[in-house]
Amino acid sequence: MSINSFGHLLRFTTWGESHGPALGAVVDGCPPGLEIDEALIQPFLDKRRPGTSKFTTQRSEPDAVKILSGTFEGRTTGTPISLMIENTDQRSKDYSEVAKAYRPGHADYAYDAKYGFRDYRGGGRSSARETAARVAAGGVARLVIPEVSIMAYLTEIGGDAIELAAFDAAEIGNNPFFCPDAAAAKRWEALVDGARKAGSSLGAVVECVATGVPAGWGAPLYAKLDADLAAAMMGINAVKGVEIGDGFAAARLTGEGNADPMRPGENGPDFTANHAGGIAGGISTGQPVVVRVAFKPTSSILTPVETITREGEATELFTKGRHDPCVGIRGAPVVEAMMALVLADHKLLHRGQCG
């Protein structure tokens, strides 16, 4: 069985491949009566779109979303919303060598082992191209949670981290790295360009913060808000690690150091810290929900790496074509989308149980 759907009440299914005619998503469970059109979804896709700078893949895709169903007179009807994004700039010939041997670090061998064959043109479903469909679905999810603001940004590329003291949210849209530190963004220009020219790639860390999430979303055990967020983020192509709040750093704290002290407030408690990342016992606390996601370096690189052919013979492989020197850069809008999808789902779950 192949799992291509995610969510409980707000559930989305993605379809399509990197080099097929189109890809897209079907979002089911969206409440009726919400204002919707392509113009509300397109800005999120534009943030993820390839070819917008020399620091991303030069594949030129407009990523124009089309709504095929689930709306009438500019509003959602409560029926499945089908979203389609056409592929217009495939170059399958770039993958002739990949058809013969496996890219180390990529899903090539694992797909072959599971299915007995694979779509080697860009990796098929294992390509980061699939994430465009998630971003479109996330655009729908944001309509369900207008009270929530979601912002993702890069905190690290290739081991070079931002200075927290220099954090400026206004800088995130001023550079091609979604970086809140202007000085770090300048350093990253040379870092990413150097990796690209060397035929290599770099990893990155994306942090995502959701503000306006009220206390009470989530569940104590099998639908924990943080567990669903972790599953959503780990399901993104190239993601190898997820942290909620302090994450692994919490293991190095004492009990009092990890506590989030509370004081009386006008509308509930005032917290003086947020080590928990806005989630305690699987349920939101009303504080900002904070998630960090680690992206591995892109596996499709021009540097030759030892591998084997489908017949099991030793060889070396380098990947021609157009690939992101740091896939985490365009991962930021995808992380935002998955945050939106999980939060919208849990808002509906909470309303369903608690009214």
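The values are calculated or read from the model by the stated rules, or taken from the named source; none is laboratory data. Here the structure is a predicted model, which is why all the values come from computation and not from measurement. All Cβ positions, even for glycine, are placed from backbone atoms using ideal geometry, and neighbour counts span all protein chains on display. These area figures cover heavy atoms from the full protein model, side chains too; ligands, DNA and RNA do not enter into them. Shrake-Rupley method; radii C 1.70, N 1.55, O 1.52, S 1.80 Å.
Quick notes
- Taking first residues from region 242-269 that are of a type in the set (A, V, I, L, M, F, W, C) and partners that are part of a helix (DSSP H, G or I) and surrounded by 15 or more Cβ atoms within 10 Å (Cβ to Cβ), the Cβ contacts under 7 Å between residues at least 6 apart in sequence or on separate chains come to Val242/Ala230; Val242/Met233; Ile244/Asp226; Ile244/Leu229; Ile244/Ala230; Ala250/Asn258.
- Close pairs from region 1-25: first more than 21 Å from Asp63 (Cα to Cα), partner of a type in the set (A, V, I, L, M), Cβ under 6 Å, at least 6 apart: His8/Leu349; Leu9/Leu348; Leu9/Leu349; Leu10/Ala344; Leu10/Leu348
- Matching residues in region 145-191 - criterion: being within 20 Å of Arg49 (Cβ to Cβ), in a helix (DSSP H, G or I) and either touching a Lys or Arg at 6+ places or on another chain (Cβ under 9 Å) or open to solvent by 50 Å² or more (accessible area, probe 1.4 Å) (or both): Gly173, Asn174, Glu189
- Any hit, region 81-92, residues being in a helix (DSSP H, G or I), at pLDDT below 95 and over 19 Å from the mean Cα position of the chain (by Cα): yes
- Against the numbered list (1) under 24 Å from Pro180 (Cα atoms); (2) out of contact with any helix residue (DSSP H, G or I) (no Cβ under 9 Å at 6 or more places or on another chain); (3) modelled with pLDDT under 95, Thr272 comes up short only at (3).
- Count of region 288-318 residues which are surrounded by fewer than 22 Cβ atoms within 10 Å (Cβ to Cβ) and in a loop (DSSP other than H, G, I, E, B): 12
- Positions within region 135-160 being in contact with a strand residue (DSSP E or B) (Cβ under 7 Å, 6 or more places away or on another chain) and under 21 Å from Pro297 (Cβ atoms), in sequence order: Ala152, Tyr153, Leu154, Thr155, Glu156, Ile157
- Count of region 227-236 residues, restricted to those that are farther than 19 Å from Pro288 by Cβ and surrounded by fewer than 21 Cβ atoms within 10 Å (Cβ to Cβ), is 3.
- For region 237-257, taking the residues that are part of a helix (DSSP H, G or I) and open to solvent by 40 Å² or more (accessible area, probe 1.4 Å), the one that is nearest to Asp108 (Cα to Cα) is identified as Phe248.
- Filter result for Ile236 (of a type outside the set (Asp, Glu), closer than 30 Å to Leu348 by Cβ and modelled with pLDDT of 95 or more): yes
- Qualifying residue in region 207-221 (condition: buried (at least 23 other Cβ atoms within 10 Å of the Cβ) and within 28 Å of Pro104 (Cα to Cα)): no
- The set of residues in region 15-41 that are in contact with a helix residue (DSSP H, G or I) (Cβ under 8 Å, 6 or more places away or on another chain), surrounded by 15 or more Cβ atoms within 10 Å (Cβ to Cβ) and not in a loop (DSSP other than H, G, I, E, B) comprises Trp15, Gly16, Leu23, Gly24, Ala25, Val27, Leu40, Ile41.
- The residue list Ala132, Ala195 contains one member that is closer than 30 Å to Val26 by Cα, open to solvent by less than 40 Å² (accessible area, probe 1.4 Å) and in a helix (DSSP H, G or I), which is Ala132.
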